[in-house]
Amino acid sequence: MNKELSVIVPAYNEEAKIAATLENIAAYLRTKGYRFEVVVVNDGSTDGTVSQVHSISQKFPEILLIDRRQNVGKGRTVKEGMAAARYEYCLFMDADDSTSIVEWDKFEPLFEAGQKVVVASRHLQGSRILHPQPWTRRFLGGGYRVICRGLLGLKASDFNCGFKAYRREVAQSIYPGVQMTDWTFDVEVFCALKRKGIAFAEVPVAWSHSSKKSGLPPVRTAFRSLQSLARLQRLYGS
C-alpha cells in the first residue's frame, strides 16, 4: 500500500486533550514515514480547542484546521473532513484519543491485502477496555447494537467506535450521501456500505472511555437514538 494517510479528527470542546492527541498522531506517522495530513474539523467549540490546534500546528504543519463556528453535529463534521481528504487512505478518529493512532498498525496489513474498509471494534476477542464506560452507557450501548442489527440487518460487532478507515475513493463515494448529523451517522455509513455491497473488516483494539461530560442525560440520548434509527430504517430498510 502507498504510505499516504489523511486523518480526520472531529472536535467539539476538546481543549483538554486535543493537543496531545494531535502530537501523538503526527509523531507516529512521521516515524512510520507516511505522507500525511491531520484534518481537524472544529464543530463550533466554545472553549480553547481552536487555539490548541493552532499552537500544535506550529510544530507539525501537517495539521490543518477547518473551523466551523456553528455546532452542526459529529456526522456532518466527519463528512466535511472526508470531503477534504487528499490522500489514498482516510482514517477518522476521536479527538480524545480513546483509540490511539498506534492501532493503525493492525489496519495496515488488511489494506495491503486489498481491503477497502477497516473498522475498530471494542467487542471482539482481543479487544482491551482500558477504562470502561459507566454501566448505564454499557447497558444502553448493548441495546443499541441489538436494535441496529435487528432493525437494519447490519452485522458489525461495534457501530460507534471512533476509529474507522477507508480507501479514499470509497469514503468519498459513501459520505456525500450521509444524512444523519448525530452519532448515528456511523450506523448510516454501515447501511450505505451494505447497500453498495462493499465489505469491511473489523479489528479488535485497545480503547479507553473519556470522562467528558455528555450534553444529554442517558434516557434522552436513548430516545433520540431510537428516533434516528427509525429514520434510517425508512431510508435503508428493504
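Key figures for this structure:
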{"item": "When the chain is reduced to its Cα atoms, the Kirkwood hydrodynamic radius in Å", "result": "18.1 Å"}
{"item": "Alpha-carbon spread of segment 1-111, three principal axes, descending order, Å", "result": "39, 26, 23"}
{"item": "Kyte-Doolittle at least -1.0, axis length at least 18 Å by Cα - qualifying DSSP helices, the chain", "result": "18-31, 135-152, 218-236"}
{"item": "Exposure rank, largest accessible area first [89, 236; 1.4 Å]", "result": "236, 89"}
{"item": "For segment 81-183, with +1 on Lys and Arg beta carbons and -1 on Asp and Glu, the positive-most of 129, 144, 98 along the dipole", "result": "144"}
{"item": "Segment 83-168: mean projected area of Cα convex hull, nm²", "result": "7.0 nm²"}
{"item": "For the chain, share of DSSP beta bridges that run antiparallel, in % to the nearest 5", "result": "25 percent"}
{"item": "Antiparallel content of DSSP bridges confined to segment 115-238, in %, to 5", "result": "30 percent"}
{"item": "Distant-in-sequence amide H partners of residue 121 (H built 1.01 Å from N, under 5 Å)", "result": "203, 205"}
{"item": "Gaussian network model of the chain, springs between alpha carbon atoms under 10 Å - residue of 179, 133, 58 with greatest fluctuation", "result": "58"}
{"item": "Length-normalised contact order of the chain in % [C-alpha pairs under 8 Å, at least 6 apart]", "result": "24 percent"}
{"item": "Cα pair distances exceeding 15 angstrom across segment 132-174, given as percent", "result": "57 percent"}
{"item": "For segment 108-238, the spread of Cα positions along each principal axis, largest first, Å", "result": "40, 36, 24"}
{"item": "Mean residue ellipticity (222 nm) of the chain, computed from DSSP H runs ≥ 4 via -39,500 (n - 2.57), nearest 500", "result": "-13000 deg cm²/dmol"}
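The values are calculated or read from the model by the stated rules, or taken from the named source; none is laboratory data. Being a predicted model, the structure only gives us computed values, none of them experimental. Quick reminder, even Gly has a Cβ in these numbers, built from the backbone with ideal geometry, and neighbours come from all protein chains shown. Heads up: the accessible areas ignore ligands, DNA and RNA and are worked out on the full protein's heavy atoms, side chains in. Shrake-Rupley method; radii C 1.70, N 1.55, O 1.52, S 1.80 Å.
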